[in-house]
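Below is one structure; the comments refer to it alone.
The values are calculated or read from the model by the stated rules, or taken from the named source; none is laboratory data. If you're wondering where the values come from, they're calculated on a predicted model, not measured in any experiment. Here Cβ is always computed from backbone atoms with ideal geometry, including for glycine, and neighbour counts include all displayed protein chains. Heavy atoms of the whole protein, side chains included, go into the accessibility calculation; ligands, DNA and RNA do not. Shrake-Rupley method; radii C 1.70, N 1.55, O 1.52, S 1.80 Å.
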Amino acid sequence: MKKLIFVLLSFVLMGCSSQEVSDYAEVTPSFSMKDFFQGDLKAEGIIKGFDGKVVRTFTVDLQASWKENTLTLDEQFLFNDGEKQNRTWVIQDLGNQTYTGKANDILEQATGESAGNALHWKYAMVLEVDDSQYEVEFDDWIYQISESVVINQTAIYKWGIQVGEVILVIRK
């Protein structure tokens, strides 16, 4: 019974400690999608499984271009096992530091909001693992560290339970 109470209390405390994008309103450098995502960018990252162990590494070549308030972000992934993936995001800047976006493997419209040095981006996608497909939720937090570097930390959820994590460094 004590273990059950401890587990339930842990979930309650985790729910109370979640961050909000407004927590970063005064943090600099200020993140601007239009300023950062321009031209050619490079990224390196890791994928962690539910147990916290690194299960894959990858690099990404990104090409970003804006037409008025629309960002087209082409991503070419190369994983350490040789697998290649491509994703093209079309992201709308709605003003007031809010965004929506779509890509080929994104199930519904992604939504985002930024403040200070942070962008919070949420979406659902189909994730392929060992010839199986899973619908999962991605909860992205992107933090601008300097004029030329952002760090993206993503929690991956299935049925409300975190099943993985992606950490990615993007450089101009």
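Numerical summary
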{"item": "Pair list, Cβ < 7 Å and 6+ apart or interchain, from the range 150-172 residues that are over 20 Å from residue 116 (Cβ atoms) and acidic (Asp, Glu) to residues that are in a strand (DSSP E or B) and open to solvent by 20 Å² or more (accessible area, probe 1.4 Å)", "result": "165/48"}
{"item": "Yes/no for residue 128 being assigned to a strand (DSSP E or B), open to solvent by 70 Å² or more (accessible area, probe 1.4 Å) and touching a Lys or Arg at 6+ places or on another chain (Cβ under 8 Å)", "result": "no"}
{"item": "In the range 92-113, the residues that are under 26 Å from residue 159 (Cα atoms) and either open to solvent by less than 30 Å² (accessible area, probe 1.4 Å) or part of a loop (DSSP other than H, G, I, E, B) (or both)", "result": "99, 100, 101, 103, 104, 105, 106, 107, 108, 109, 110, 112"}
{"item": "Verdict on residue 148 being small (Gly, Ala, Ser) and modelled with pLDDT of 95 or more", "result": "yes"}
{"item": "Qualifying residue in the range 46-64 (condition: part of a strand (DSSP E or B), open to solvent by less than 60 Å² (accessible area, probe 1.4 Å), in contact with a helix residue (DSSP H, G or I) (Cβ under 7 Å, 6 or more places away or on another chain) and not polar (S, T, N, Q))", "result": "no"}
